[in-house]
Amino acid sequence: MRYPEVKAHKNLNLLIDKEAMSMAPMVPNFDDTTVEPHFILTKLPLALLNDIFGSTVGYFMTIPSHNLLEVAEACIASIKSNFKLTAKKAASIIKAPDHRVYSCYYNIEEDDWINIMETGNGKLRSMMRYEETDYGIRITSLPYKEKIDPFLNKLYALDDKFKVLKDIEDETQNDICSIRLAFKKMTPAAKHDNEAFIAKLSAKTANNVFYKILTCEQIPEEVPSLADGASWDLFESGVTEIINEHGMIRKSYKLKSLFATITKLEFDVLVEMFKLEISKDPDAFFKILKSSSTDVQAIETCVKKYKFVYEVCEKVIKTSSFTSFINKDEKIMKEIDRLNDIIKDTQWKIDNIDQYMISEIQDVISKIGTPRESVVFKHKRDIVD
């Protein structure tokens, strides 16, 4: 099988949900030399952030990239609606595909855009944007995924035919598009030819942005594996379904992790409380150790005397350095207080799981979110959910 390796962007560390990931199942890697997570759990659905294109026998899928801030806001809306985000609501938040920092002009009916949110199928027309100037026009954005050099080549070829441009100056910097076109004539008589040139350039450089979203699920009877021959079911999905499903899965694994954390912390508190009991009368404890022929016998005796469960006594006797806690009651109490504070904080996260998940997304927005300048539709209507 093909097993490509990729280098993750530094921002992925901010997106990974480390709590949820701690509960992800581990599976063998491609050559069985180690294990790796069966999937990556993130605070936002990566499928909507990365430009995805793929095909296999009889199947084809393409998901354009979207603005991170808009996807984040849609995820927040999904959580607030108990993961029942509607297509209309999603369409009012996610305005259109987003490629790098360019803000394209999209020619699409908003009803069609809502349908794409719901079904994951459809296409929209992406065109350049420009503003009029005293000397001509300044192109401020290119069509979706269009690059500067190919665009300029089309521009030069078109001007060879129309011969209306006096000057072309590419002022694009750091992916911020700015191409200045100066017309030879700006008179009323030349206006028709100039407008025809702009219309032709817009039409010639426009492209279609396609949506065809498929999700897959491994057939239950199959053992999770990355090996060739694994059987998968494919399903058509909408953008809203991806957002809602992602949120529900993240919440499920996050709660599992938080409950596991509390269980471990409560065990650690019992360990510290056992240490505190020992510290009150260390001679009695050492007498038990000396009179016991094995660790098991010592542990069983401690269980009877101190009334702590077997696992707690076992951990202290087998893994602790007695000098680290004997006659150090104050240190033990501080550790118990610290652990109880973490338990309270973790319990708050469980009790307010939706609010906690939203706060993590808001943290991502504050650190790496990039607002979209604006998105223009050919037919603008308010979307009311």
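FYI, it's all coordinate maths here, none of it is from the lab. Being a predicted model, the structure only gives us computed values, none of them experimental. So basically every Cβ, Gly included, is an ideal-geometry build from the backbone, and we count neighbours across all protein chains shown.
The table below lists the values:
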{"read-out": "Whole-angstrom Cα spans of the range 256-352 along principal axes, big to small", "value": "50, 27, 19"}
{"read-out": "Positive-pole candidate from Cys313, Val296, Ile342, dipole of the range 256-352, charges at beta carbon", "value": "Val296"}
{"read-out": "All-pairs alpha carbon distance profile, the range 129-205, 5 Å steps from 0, percent", "value": "3, 15, 30, 28, 16, 6, 2, 0"}
{"read-out": "Label-reachable residues, the range 338-367, where backbone N falls under 18 Å from a point 7 Å from Glu311's Cα toward its Cβ", "value": "340, 343"}
{"read-out": "Mean Cβ count within 10 Å, highest first, over the residues of peptides 75-84, 303-312", "value": "75-84, 303-312"}
{"read-out": "Within-10-Å neighbourhood charge of Leu255 [Cβ basis; K, R +1; D, E -1]", "value": "+4"}
{"read-out": "Separation of the Asp160 and Glu195 label points, Cα + 7 Å toward Cβ, nm", "value": "2.9"}
{"read-out": "Nearest 10 degrees, 0 to 90: helix 329-351 Cα axis against the chain principal axis", "value": "40"}
{"read-out": "Computed magnitude of the charge dipole of the chain (debye, nearest 20; Cβ of K, R +1, Cβ of D, E -1)", "value": "700"}
{"read-out": "Degrees, to the nearest 10: 353-368 long Cα axis against longest axis of the chain", "value": "50"}
{"read-out": "Net length gained if the chain between Val35 and Ile342 were fully extended (0.36 nm per residue, minus Cα distance)", "value": "107.5 nm"}
{"read-out": "Cβ-derived FRET efficiency at R0 51 Å, Ile52 paired with Lys185, nearest 0.05", "value": "0.65"}
{"read-out": "Spatial extent of the chain: Rg and Dmax, with the Cα atoms as the point set, Å", "value": "30.6, 111"}
{"read-out": "Rough spin-label spacing in nm, given labels placed 7 Å along Cα→Cβ, for Phe60 and Ser324", "value": "6.2"}
{"read-out": "The range 129-205, dipole about Cα centre (Lys/Arg Cβ +1, Asp/Glu Cβ -1), debye to the nearest 20", "value": "320"}
{"read-out": "Cα-based equivalent ellipsoid, the range 74-203: semi-axes from gyration tensor eigenvalues, Å", "value": "37, 15, 12"}
{"read-out": "Loop-resident sites, the range 112-173, for GluC sites (Glu not before Pro), counting at most 16 other Cβ within 10 Å (DSSP)", "value": "Glu171"}
{"read-out": "Theoretical ellipticity at 222 nm over the chain - DSSP helices of four or more residues, -39500 (n - 2.57) apiece, nearest 500", "value": "-15500 deg cm²/dmol"}
{"read-out": "Normalised contact order of the chain, rounded percent, pairs of Cα under 8 Å and 6 or more residues apart", "value": "22"}
{"read-out": "Charge dipole magnitude, Cβ of K and R +1, D and E -1 - the range 256-352, Cα centre, debye nearest 20", "value": "160"}
